[in-house]
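Only one structure is covered here, and it is reproduced in the block below.
The values are calculated or read from the model by the stated rules, or taken from the named source; none is laboratory data. Treat the numbers as computed from the prediction; the structure is a model and nothing was measured. Backbone-built Cβ (ideal geometry, glycine too); neighbour counts: all protein chains shown. Keep in mind that these areas ignore ligands, DNA and RNA; they rest on the heavy atoms of the full protein, side chains included. Shrake-Rupley method; radii C 1.70, N 1.55, O 1.52, S 1.80 Å.
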Amino acid sequence: MKEQIRRILAAKKLLSPERVEEVLAESEKTGETPDRVFLSKGYLTEIDMLRTFGEALGLPVRETLSSASVPPDFVNRIPVQFARSCNLVAVGDHGDRDSFNGTMTIATCAPFETNAMDDLASMLGVEPEPVLVPRIEITNLINKAYKQKADVVDEALDNLDEEDLDSLSAEIDSAEDILDVANKAPIIKLVNMLLFDALKMRASDVHLHPYEDRMQVRNRIDGILYDMQAVPKRFQEAVVSRIKIMGKMDIAERRLPQDGRATIKLGEGEVDVRISTVPTSQGERIVMRLLDMTARVLRLEELGFDDHDLNMLRRFIRYTHGIILVTGPTGSGKTTTLYAVLQEINSAEKNCITIEDPIEYHLDGISQIQVNNKKGLTFATGLRSLMRQDPDIMMVGEIRDEETGKIATQAALTGHLVFSTLHTNDAAGAVARMLNFGVEPYLVASSVVVVIAQRLLRRICPECRETYEPDAGDVKELGEIGLKVSDLPEGRLSRGRGCANCFQTGYVDRVAIYEILPVDEAVKEQVMDRASAATIKKASIQRGCRTLRMDGARKVVQGISTVEEVLRVTQLDMF
């Protein structure tokens, strides 16, 4: 076996011979299996380790179980605690509901853990056929399979008594792996499972809302809040205390709002958790914002721009100076758009610096500064300091006041390209907001080059998507977004029927709709005259600009989203 490992790693050029010998020696000395040592030292990624030992042991390797299901026999016969603690799950194809027929395919992430495999075989009475799969994929499939059988809260509370809260205040790891639930205290296990459940469902926020008789868990998925599990009232204080400990907050302070931050591990990835607590009449209410630090930054062409808008935006972001503003309410994807732009124009020849609150993604080659109001590092003071760092491109998380607005315009006029966000309803409103901040009209007119307003529409689930004939109600709603049945392909609308993939909502993920307002000579004249936002918007539409609702209507025609979604996130165009 050792010779095979040496030969395979040498052929793949994954590791130096010295490190291979170090791992094998430590494995022999400590009794730990070689795969565990490779992972603990960080010498191999999990998938590289699985491929190496899969080749050495003659076992197949699968990188994902997204298209797999768990046969009912496994769920009915094997306790979820056993499956989770041993990281073992039976793998079948979607739609395969038959009982096992002499053999079964078992996913495992530990090629040398034969005892657990033998126990599983005796419990099921069949011969196992192991396949090596990353741990996160196994855990994901286990949670999906057992979700209908046992509520995660009930499972975590099975053996939970009124715990002494002092035992929860022990120091926790700086980055705790929420997949590691074995041998954890029940409350810790419960909180970890709630977080894992939220991440599995792609939630951006987890709300813990106290009621008179329970603490309701609510997950925000694709911008919509859904009620999930309910934690019994008697465990409310223990759950709140555990989350406060994670965020390094004061568990004794229950009368004042607090903010905290924690980092949790999800397999090999890390998730940043921003925690906020406020006191209510029923106890403390908690909201946790989940930021996946390993998430991929989207490219511009993936955001939802059509070819015309994409080409126009690419022309503007190549400017050497000026302000490019992205506007919209909280949670409308402004930062994602800015990150995509920065990634597109970032190069070794340019000095790019950002000041953000918070830093949501880490970008290679870009210096990112975190706002710290307690220590006096605000957007305004940070932007003033950035000017002395010889930047070519600056990104300011948000223009919140007159001071930041004036510094940003001065930076744009002195040869810098500045990106920032504003909270306004549409693109034309951003110009009026800058004037309201006290920035002089001539500064706004000469510095702002383009304003982009955006919203997020939920995408129709590709797994359960269907087309249908619009009825009278649909025809009326189509009229509200400026469409007729004749505008639709074959006169049919698209919708999601609801399935396990989209949690019966009919929607998966989101796409942006945009309203782009170039600040051309006509807009500059209106700004100098202090024209209203409605006047600027009306004139820009007459020149061919498309509003948010118009762009949303285009997404409906393309079958990307639904009329209901466009009506939900956009306002009637009034000008």
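Points to keep in mind about this one:
- Positions within the stretch 231-267 being under 16 Å from residue 195 (Cα atoms) and of a type in the set (D, E, K, R), in sequence order: 242, 244, 261, 265
- Listed by position, the strands (runs of 3 or more DSSP E) inside the stretch 311-411 whose residues that are open to solvent by less than 10 Å² (accessible area, probe 1.4 Å), polar (S, T, N, Q) and touching a strand residue (DSSP E or B) at 6+ places or on another chain (Cβ under 7 Å) number at least 1 are 322-327, 352-356.
- Residues of the stretch 517-535 that turn out to be part of a strand (DSSP E or B) and crowded, with 22+ Cβ neighbours inside 10 Å, as a count: 1
- Single condition residue 548 does not satisfy, out of (1) in contact with a Phe, Trp or Tyr (Cβ under 9 Å, 6 or more places away or on another chain); (2) modelled with pLDDT under 90; (3) open to solvent by less than 50 Å² (accessible area, probe 1.4 Å): (2)
Matching residues to (1) farther than 29 Å from residue 455 by Cβ; (2) at pLDDT 90 or above; (3) in contact with a Gly (Cβ under 8 Å, 6 or more places away or on another chain):
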| position | (1), (2), (3) |
| --- | --- |
| 193 | yes, no, no |
| 207 | no, yes, no |
| 214 | yes, yes, no |
| 220 | no, yes, no |
| 236 | yes, yes, yes |
| 260 | yes, yes, yes |
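- When the criteria are applied in full, residue 381 meets the requirement of being free of Cβ contacts under 8 Å to residues at least 24 places away in the same chain and at negative phi.
- In the set (1) β-branched (Val, Ile, Thr); (2) farther than 24 Å from residue 424 by Cα; (3) modelled with pLDDT under 95, the condition left unmet by residue 335 is number (2).
- Condition met for residue 473 (among the small types (Gly, Ala, Ser), open to solvent by 10 Å² or more (accessible area, probe 1.4 Å) and either without any contact (Cβ under 8 Å) to a residue 60 or more places away in the chain or not in a helix (DSSP H, G or I) (or both)): yes
Quick grid of which residues meet (1) touching a residue at least 12 places away in the same chain (Cβ under 8 Å); (2) open to solvent by 10 Å² or more (accessible area, probe 1.4 Å); (3) closer than 22 Å to residue 292 by Cβ:
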position: 220; (1), (2), (3): yes, yes, yes
position: 227; (1), (2), (3): no, yes, no
position: 241; (1), (2), (3): yes, no, no
position: 244; (1), (2), (3): yes, no, no
position: 255; (1), (2), (3): yes, yes, no
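- Residue that is farthest from residue 84 (Cα to Cα) [pool: residues in the stretch 102-138 that are of a type in the set (Ser, Thr, Tyr) and open to solvent by 40 Å² or more (accessible area, probe 1.4 Å)]: 103
- Unmet requirement for residue 554, which otherwise passes all of (1) in a loop (DSSP other than H, G, I, E, B); (2) open to solvent by less than 70 Å² (accessible area, probe 1.4 Å); (3) among the basic types (Lys, Arg): (1)
- Extreme residue, surrounded by the fewest Cβ atoms within 10 Å (Cβ to Cβ), among residues of the stretch 425-470 that are assigned to a loop (DSSP other than H, G, I, E, B) and under 29 Å from the mean Cα position of the chain (by Cα): 462
- Positions within the stretch 302-320 being in contact with a helix residue (DSSP H, G or I) (Cβ under 9 Å, 6 or more places away or on another chain) and touching a residue at least 24 places away in the same chain (Cβ under 8 Å), in sequence order: 302, 303, 304, 305, 306, 309, 313, 314, 317, 318
- A search for C-beta distances below 6 Å between a residue of the stretch 354-377 that is aromatic (Phe, Trp, Tyr) and any residue that is in a loop (DSSP other than H, G, I, E, B), counting only pairs 6+ apart in sequence or on different chains, returns 361/297.
- Verdict on residue 237 being within 20 Å of residue 185 (Cα to Cα), open to solvent by 50 Å² or more (accessible area, probe 1.4 Å) and touching a residue at least 60 places away in the same chain (Cβ under 8 Å): yes
- The set of residues in the stretch 17-27 that are open to solvent by less than 70 Å² (accessible area, probe 1.4 Å) and within 36 Å of the chain's Cα centre (by Cα) contains only 23.
- Pair list, Cβ < 7 Å and 6+ apart or interchain, from the stretch 28-43 residues that are touching a residue at least 60 places away in the same chain (Cβ under 8 Å) to residues that are of a type in the set (A, V, I, L, M) and open to solvent by 90 Å² or more (accessible area, probe 1.4 Å): none
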